[in-house]
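*Asks:* Shown below is the structure under consideration.
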Amino acid sequence: MKNDQIPVEKNELIDVTFEDLTHDGAGVAKINGYPLFVKGGLPGEKGQVKVVQAKKNYGFGRLMGLTKESPDRVAPPCPIFHRCGGCQLQHLSYEGQLAQKQKQVEETLARIGGITDVPVHPVIGMDEPWRYRNKSQVPIGEQKGHVVAGFFAERSHEIVDMESCIIQHEENDHVVRLVKELARKYGVRGYDDKTHKGTLRHVVVRQGKHTKEMMVVLVTKGKELANKKNIIQELRERIPNVKSIVQNINPKRTNVIFGEKTEVLWGEEVIYDYIGDIKFAISARSFYQVNPDQTKVLYEKALEYAQLTGKETVIDAYCGIGTISLFLAKEAKHVYGVEVVPEAVSDAQRNARLNHVENATFVIGEAEGVMPWWQAQGIRADVIVVDPPRKGCDENLLKTMVLMKPERIVYVSCNPASLARDLKYLTENGFEVKEVQPVDMFPQTGHIENVVALELKN
Ligand code: SAH
């Protein structure tokens, strides 16, 4: 029923104009100020919508038809775009996506962070915004006795079989198809997450963009894998650059991909890749950015904003496998990295040795715990770089940065909302935001990465 607050009701058909787009690609129409989220609608478009849910402060609708199309609308090239949850923006031209993301960053910084008078540069996009991902991770299942590999249909456990994903490197696609073919050929059962039966849960494929080295990870429920020898043999014969074939065992009822145990079936434990001229070893479970071309752009921006001259002590909080740290080390006096995952820290140390970097120290721990300890030891940072996960920086970390008073902070963020919240804290506590550079690491999706330069106010 309609009431004073809610101007629409379920199943009602209404004509709307779309004003905005959410980060997950839904069009936003306002009915007397009441926002209705509708998948498929683009800003400026008009159309008819059926209300499917009317909550107190917002509702959801289904797009029934458009009466006015946006000039930025394009035909999504992927045949399964409407069913797959991986991409959200294929129906918007790439220029449109970049403009939209820049606007979103500006608005989020203003709304949540109160930051309005800082330049948010145009998003740095890709020349070729397709087939950019270096890592493919695809769930495997079984339907009517037939192994399938694809994605989960929306709100269901049904896997929709997929032959190709056009934001993946071709080679990754090829290997996913090959693993599916071999599972069928050698009688490996696909995993069923409802009954917890079957063997093969996921295939994860990684490729070093510059070395072309490939890693294949077969994630299985238990240790056993039917016809393991034959499968390894065929993978070796049919993937020209395969360097590492790994089995990861995940016995749990969970949607987390990896289990604790990893065994090398053939070849090496890691593959290598370069970002710029720095070489990285990447193991099956390590975090490594998925868009190698744009990663270089992102790290170069971080380096530029750090304004290093060779004399600075730098802290890289949330350092992962040391990617940003090693990028900065060549132009700093010393870099201290801190990271909570122990394997990532050993990767970081290995990567430092691999590149003959001697002025970097890596420590295992929570950044919010290690930084005050460093401060107590008398370590003074001239520049602090943070690159936290989606939830942003811990408040204790922000407090410690304020106490440490570095000349500059470089904030790398994959979530504009937590970024805006943290920038608000920093600007209220002695720092000034100088500029914001969005980088499109994830074309066709709603995600956006940002690098922000901050300076200590006098
Ligand atoms: N800078 C790296 C990693 C960024 S991802 C790169 O660009 O590759 C964020 C990293 O923060 C992850 O490696 C994650 O394990 C780590 N992390 C998460 N919470 C943390 C915490 N409280 N303290 C330190 N590291 C943390």
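The values are calculated or read from the model by the stated rules, or taken from the named source; none is laboratory data. Being a predicted model, the structure only gives us computed values, none of them experimental. Glycine gets a Cβ as well: all are built from the backbone with ideal geometry, and neighbour counts include every protein chain shown. For accessibility, only protein heavy atoms count, side chains too; no ligands or nucleic acids. Shrake-Rupley method; radii C 1.70, N 1.55, O 1.52, S 1.80 Å.
*Asks:* Are any of the residues in the stretch 47-61 open to solvent by 60 Å² or more (accessible area, probe 1.4 Å), touching a strand residue (DSSP E or B) at 6+ places or on another chain (Cβ under 9 Å) and not in a strand (DSSP E or B)?
*Replies:* The answer is yes; a qualifying residue exists.
*Asks:* Yes or no: I112 over 26 Å from A420 (Cβ atoms) and of a type in the set (A, V, I, L, M, F, W, C)?
*Replies:* no
*Asks:* Is it true that E407 is more than 14 Å from the ligand (Cβ to nearest atom) and open to solvent by 50 Å² or more (accessible area, probe 1.4 Å)? Please lay out each step first, then the result.
*Replies:* Numbers: more than 14 Å from the ligand (Cβ to nearest atom): yes; open to solvent by 50 Å² or more (accessible area, probe 1.4 Å): yes.
So E407 passes the test.
*Asks:* Would you check if there is a residue in the stretch 413-422 being assigned to a loop (DSSP other than H, G, I, E, B), within 26 Å of the chain's Cα centre (by Cα), within 13 Å of the ligand (Cβ to nearest atom) and surrounded by 17 or more Cβ atoms within 10 Å (Cβ to Cβ)?
*Replies:* Taking the stretch 413-422 as the starting set, the residues that turn out to be assigned to a loop (DSSP other than H, G, I, E, B) are 414-415.
Then drop every residue that is not within 26 Å of the chain's Cα centre (by Cα), which leaves 414-415.
Adding the requirement that they be within 13 Å of the ligand (Cβ to nearest atom) leaves 414-415.
From what is left, the residues that are surrounded by 17 or more Cβ atoms within 10 Å (Cβ to Cβ) are 414-415.
Looking through the stretch 413-422, at least one residue is assigned to a loop (DSSP other than H, G, I, E, B), within 26 Å of the chain's Cα centre (by Cα), within 13 Å of the ligand (Cβ to nearest atom) and surrounded by 17 or more Cβ atoms within 10 Å (Cβ to Cβ).
*Asks:* Which members of the stretch 279-296 meet the condition of being more than 12 Å from the ligand (Cβ to nearest atom) and within 15 Å of H210 (Cβ to Cβ)?
*Replies:* K279, A281, D293, listed by residue number.
*Asks:* State which residue is most open to solvent (accessible area, probe 1.4 Å) when the search covers only the stretch 341-366 and only residues that are aliphatic (A, V, I, L, M) and under 21 Å from D277 (Cα atoms). Full working, then the answer.
*Replies:* Initial filter on the stretch 341-366 (aliphatic (A, V, I, L, M)): 341, 344-345, 348, 352, 354, 357, 360, 363-364.
After this cut, where a residue has to be under 21 Å from D277 (Cα atoms) as well, the list is 344-345, 348, 352, 354, 357, 360.
Working: A344: 11, V345: 3, A348: 0, A352: 7, L354: 57, V357: 32, A360: 21 Å².
Checking each candidate, the answer is L354.
*Asks:* Does Y299 qualify as being open to solvent by 50 Å² or more (accessible area, probe 1.4 Å), of a type outside the set (A, V, I, L, M, F, W, C), within 15 Å of the ligand (Cβ to nearest atom) and in contact with a strand residue (DSSP E or B) (Cβ under 8 Å, 6 or more places away or on another chain)?
*Replies:* no
*Asks:* Restricting attention to the stretch 335-349, and to residues there that are out of contact with any Gly (no Cβ under 9 Å at 6 or more places or on another chain) and at pLDDT below 95, which single residue is farthest from V363 (Cα to Cα)?
*Replies:* Residue satisfying both the conditions and the ranking: E343.
*Asks:* For the condition farther than 15 Å from A306 by Cβ, assigned to a helix (DSSP H, G or I) and among the β-branched types (V, I, T), what is the one hit in T445, T400?
*Replies:* Values: T445 fails: assigned to a helix (DSSP H, G or I).
Within the list T445, T400, the selection yields T400.
*Asks:* In the stretch 302-316, which residue that is free of Cβ contacts under 8 Å to residues at least 60 places away in the same chain and more than 13 Å from the ligand (Cβ to nearest atom) is nearest to G259 (Cα to Cα)?
*Replies:* E304
*Asks:* For the stretch 187-202, give me the residue count where each residue is farther than 15 Å from K252 by Cα, surrounded by fewer than 23 Cβ atoms within 10 Å (Cβ to Cβ) and in contact with a strand residue (DSSP E or B) (Cβ under 7 Å, 6 or more places away or on another chain).
*Replies:* Result for the stretch 187-202: 1.
*Asks:* From the list T262, T254, T211, which one is part of a loop (DSSP other than H, G, I, E, B), over 27 Å from V160 (Cα atoms) and in the same structural domain as R177 (by TED's automatic domain parsing)?
*Replies:* Working: T262 fails: part of a loop (DSSP other than H, G, I, E, B); T254 fails: over 27 Å from V160 (Cα atoms).
Being part of a loop (DSSP other than H, G, I, E, B), over 27 Å from V160 (Cα atoms) and in the same structural domain as R177 (by TED's automatic domain parsing) holds for just one of T262, T254, T211, which is T211.
*Asks:* Taking E432 as meeting all but one of (1) outside any helix (DSSP H, G or I); (2) under 22 Å from I321 (Cβ atoms); (3) more than 9 Å from the ligand (Cβ to nearest atom), write down the number of the exception.
*Replies:* Failed condition: (2).
*Asks:* Within the bounds of the stretch 321-334, is there any residue that is β-branched (V, I, T), more than 8 Å from the ligand (Cβ to nearest atom) and at pLDDT 95 or above? Step through it out loud before you land on a result.
*Replies:* If we filter the stretch 321-334 for residues that are β-branched (V, I, T), which is where we start, we get 321, 323-324.
In the following step, the residues that additionally are more than 8 Å from the ligand (Cβ to nearest atom) were identified as none.
For the stretch 321-334, residues β-branched (V, I, T), more than 8 Å from the ligand (Cβ to nearest atom) and at pLDDT 95 or above: absent.
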